[in-house]
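Novice: Supplied in structure tokens, the structure appears directly below.
What follows is calculated from the coordinates using simple rules that are stated; it is not laboratory data. Just so we're clear, the structure is a prediction, and the values are computed from it rather than from any experiment. In this analysis, Cβ positions are derived from the backbone assuming ideal geometry, glycine residues included, and neighbour counts consider all displayed protein chains.
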Amino acid sequence: MKFLTQIVCLMLPIVLFAQDEKKDEAVTTGESSKVKFGTLIQLWNTTNLKSKDKGNETFNTFRIRRAEIKFSGDISEKVAFTVMFDPAKLLANSSSKPDTNTSVDKAKTKQSDFAILQDVFITYHLSKQYKIDLQVGQFKYPLTYEGLQSSAKLNFIERAEAVRSFGDKRDIGLQISAKPNPFVEGALMIVQGNSQNKTDGNQQKDFAGRVIAKPMSGLSVGGSFYKGNNGNDGKTPQNRFGGEAAYVKDAITTYGELIFAKDGKVKPQKSQLGGYAAFLYKLNDQWQPGVRYEYASTNYETASKEVPKTRLTFGVNYFVEKNSKIQLNYIYGKFSKKNGDYAANMLAVNWQVYF
């Protein structure tokens with residue numbers, strides 16, 4: 001695996017400079033070289049309405065969920081860059097009240113919840129005709145449908161728990177992607193496998209990939225995988241496989257995923273299953289109600305006795321204008337505990353602007 005990775009990296013300059021171009025063509029510094037600036041601001045208010053769990057009293061809190069700042073641009077027709085960081089991550093660990101499984105924003109505490117530097121990568125446009133790109137750096141690896149959606153364009157306030165647990169993750173590596181025609185696209189990435197903002201702890205490299213087919217207008221179906229080894233010894237298996245389908249056309253938006261996982265660090269070592277299905281309908285240019293159902297067969301990546309089973313989210317999106325919206329979600333979840341089942345209710349509001 002180490003040898004294969006070295007070969008790919010050594011071949012990179014040859015692939016780049018072997019592209020068809022005029023030998024004397026100079027690098028332009030015109031419109032394409034301008035740096036673009038963007039931001040995403042999300043301000044939350046969450047309220048636990050009622051819970052039978054004695055350790056989870058009713059409370060209300062405001063939170064700065066995201067304050068992303070992004071710089072991107074094309075150095076030339078062949079080379080582009082992206083840098084994105086989120087100062088709000090500094091606040092992720094500053095809560096005076098512990099999070100619970102009822103929390104909409106903390107299905108599982110992730111290392112990325114505390115990392116300011118999110119994306120930093122260089123993109124080489126290898127082929128305009130087939131839209132073949134090579135990315136090197138830190139970014140989300142190609143796993144799950146909802147995990148790769150922009151946080152600014154989420155249909156619900158937070159991604160499904162299965163996606164946050166198994167997908168929606170960044171790492172350092174090298175990815176090649178292609179979209180040869182309107183009906184198919186895909187990506188394959190060599191992943192460092194040690195989470196974001198970290199050097200590798202072993203000599204192994206992981207692999208992630210995703211293929212999407214679009215057989216008709218508005219419909220997409222596909223699958224993704226992650227296969228590798230975790231831990232400092234690089235010998236702890238970590239595998240994910242997912243299937244997805246989405247239909248987005250006119251007023252209708254519906255999509256869902258099933259995600260299977262098997263980790264060597266989970267005892268007993270058995271497959272875990274998570275998934276969700278969502279449906280939204282746009283009444284007009286401003287109002288879009290929706291519902292999402294989530295299911296989990298067992299806990300994610302931990303041996304905890306506290307296991308989420310099902311969660312139902314009712315939501316409504318109000319689009320103030322193109323780049324601003326307000327989201328209201330009501331989340332009802334059932335959880336299994338050592339002392340028996342209990343139910344929890346949460347109301348969440350997201351105020352958002354982005355450009």
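Novice: Rounded to the nearest 0.05, what FRET efficiency is calculated for PHE114 and PHE279 with R0 set to 30 Å and r the Cβ-Cβ distance?
Specialist: 0.35
Novice: Sort 72-83, 149-160 by the packing proxy (mean of other Cβ within 10 Å over each peptide's residues), most packed first.
Specialist: Highest mean packing first, the order is 149-160, 72-83.
Novice: Let me ask something else. LYS128 to SER150: extension gain in nm, 0.36 nm per residue of separation minus the Cα-Cα distance?
Specialist: In short, 5.6 nm is gained.
Novice: Is any residue of region 177-194 close enough, with backbone N under 16 Å, to a label point placed 7 angstrom from the Cα of VAL221 along the Cα-Cβ axis, and if so, which?
Specialist: Taking a point 7 Å out along Cα→Cβ of VAL221, the residues of region 177-194 whose backbone N falls under 16 Å are 183-185.
Novice: First check a/c for region 137-207, with a ≥ b ≥ c the square roots of the eigenvalues of its C-alpha gyration tensor; if it is under 1.5, answer rounded, and if not, answer prolate when a/b is larger than b/c or oblate otherwise.
Specialist: Judged from the Cα gyration tensor, region 137-207 comes out oblate (a/c at least 1.5, b/c at or above a/b).
Novice: Classify region 180-253 as rounded, prolate or oblate, taking a ≥ b ≥ c as the square roots of the eigenvalues of its Cα gyration tensor: rounded when a/c is under 1.5, otherwise prolate if a/b is larger than b/c and oblate if not.
Specialist: prolate
Novice: Could I have the simple spin-label model distance between TYR247 and PHE71, label points 7 Å from Cα toward Cβ, reported in nm to one decimal?
Specialist: Once both label points are built, they end up 4.5 nm from each other.
Novice: Starting from the Cα of ASN323, step 7 Å along the direction of its Cβ; do the same at VAL79; then give the gap between the two resulting points in nm.
Specialist: Once both label points are built, they end up 2.9 nm from each other.
Novice: Follow-up question, since we're still on this one. Testing the spin-label approximation: label points 7 Å from Cα along Cα→Cβ at THR47 and ASN239. State their distance in nm.
Specialist: If labels sit at THR47 and ASN239, their model points lie 4.7 nm apart.
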